[in-house]
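To start, I am sharing the structure in question, which I have written as structure tokens.
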Amino acid sequence: MFTRVFLAVAVAAVVGCSSDSNTTTPTNGTTTETPSTQTPSTQTPATQTPATETPATETPATETPATETPATETPNTETPVTVTPSNQGPVNDSTAGLWTGSTTFGDAVFVIDDADNVWGLSVNTAGRYESVYGNLSDNAPEQLYAHRDSDDTDFGDSFTGVGDVGDTRDYMFTVSNDGQSLVSSTEGDAFSLTRADNNDAAPITLAGIAGEWDSRVAICVDADNCNVLQINMTFAADGGVTGFSKFATPDDLATTDGIAILGSAESQGQYLTISFDWNGTTRTGIVFGDRTTDKLILQTSNPAPADGAVAETFNARLTRQ
């Protein structure tokens, strides 16, 4: 019984020791403890290769300078516009226009419109004037009138408005010099005039002459016996024409009633055409700039009377008021 107990204890001891790997049981039953041999961990230190930083090589930007091609400017080859004033018609073959120069009488201005109506005014160095009225295509000669300077310039500086009836003349005109010359081959009055450009006769506009204009001429029997013919006209920018005429002594002129003028005007470039009623008749004609002053020249007449009498002129040199 004792032997079984001892063996059980011995077996239990063996079982208990077998669980420790470091305990060796010798054959004689003596327990010898073999210390566990711990192999130290050999840690190879990490060899750190220092980072070799290759410095960045910065290639400088090579800036190519901008090559600016200069703009090539094409010169303006625009053909200038040639303006032909409305009153000149076809330049090469028309007599229509305003013409200046000298006739056999004196320094002259002639105006011919597109319907062949002609007006002319010539002045000589003796203070005498010759006006011309007519139509170049009606197979009738043109009518001439004689005028003179004011008899007393203290009372007015115009020439006489109602001309004395003169001769008739059958004008024969041709155009030469590429439309720049008007040649008269009229018997007894051969001359050549030049087509006026804007330097010779500036264009007249209604707006430009708008306002009051006045003309006075003294007609004297002697130094103490004079009457004054006054022609007063007001031009509106819209073409309206109003005014009056008076005929009286210098002392009575201001209080004398006038004869009304009522009509209209239209610009034709270098001159105006004008028509107005005066003293029971209609007067038609032109207005143009005086070549040597800043005044206006009025040149009109009434239609030839049915009884065959000669038409009357109604002319004036007008001064702006």
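Where a number appears in this text, it was derived from the coordinates with a stated rule and is not lab data. These numbers were taken from a predicted model, which means no experiment stands behind them. So basically every Cβ, Gly included, is an ideal-geometry build from the backbone, and we count neighbours across all protein chains shown.
Which length gain, in nm to one decimal place, applies between Ala309 and Thr292 when the Cα-Cα distance is subtracted from 0.36 nm times their residue separation?
Gain on stretching Ala309 to Thr292: 2.7 nm.
Each residue of segment 198-211 in order: what ³J(HN,Hα) in whole Hz does its phi give by Karplus 6.51 cos²θ - 1.76 cosθ + 1.60, θ = phi - 60°, with x for Gly and Pro?
Values per residue, Gly and Pro as x: 6, 6, 7, 8, 5, x, 10, 10, 5, 5, x, 9, 4, x Hz.
Could you list Asp167, Asp251, Asp114 in order of exposure, starting from the residue whose Cβ has the fewest other Cβ atoms within 10 Å?
Asp251, Asp167, Asp114
Could you derive backbone 3J(HN,Hα) for segment 101-109 from the dihedral phi with the Karplus parameters 6.51, -1.76 and 1.60 (θ = phi - 60°), listing whole Hz in sequence and x where the residue is Gly or Pro?
Per residue, the Karplus-derived 3J(HN,Hα) values read x, 9, 9, 5, 8, x, 4, 9, 10 Hz.
Any chance you could run the full-extension gain for Ala207 through Ala248? It's 0.36 nm times the residue separation minus the Cα-Cα distance, nm to one decimal.
Gain on extension, Ala207 to Ala248, equals 11.5 nm.
Give me the number: length gained by fully extending Gln321 to Asp116, i.e. 0.36 nm times residue separation minus the C-alpha to C-alpha distance, one decimal in nm.
70.4 nm
Between Asn177 and Ala260, what's the calculated FRET efficiency when r is the beta-carbon distance and R0 is 41 Å? Round to 0.05.
With a Förster radius of 41 Å, E is 0.35.
Quick check: Cα centre of segment 102-175 to Cα centre of segment 253-276, how many Å?
Each part's Cα centre sits 19 Å from the other's.
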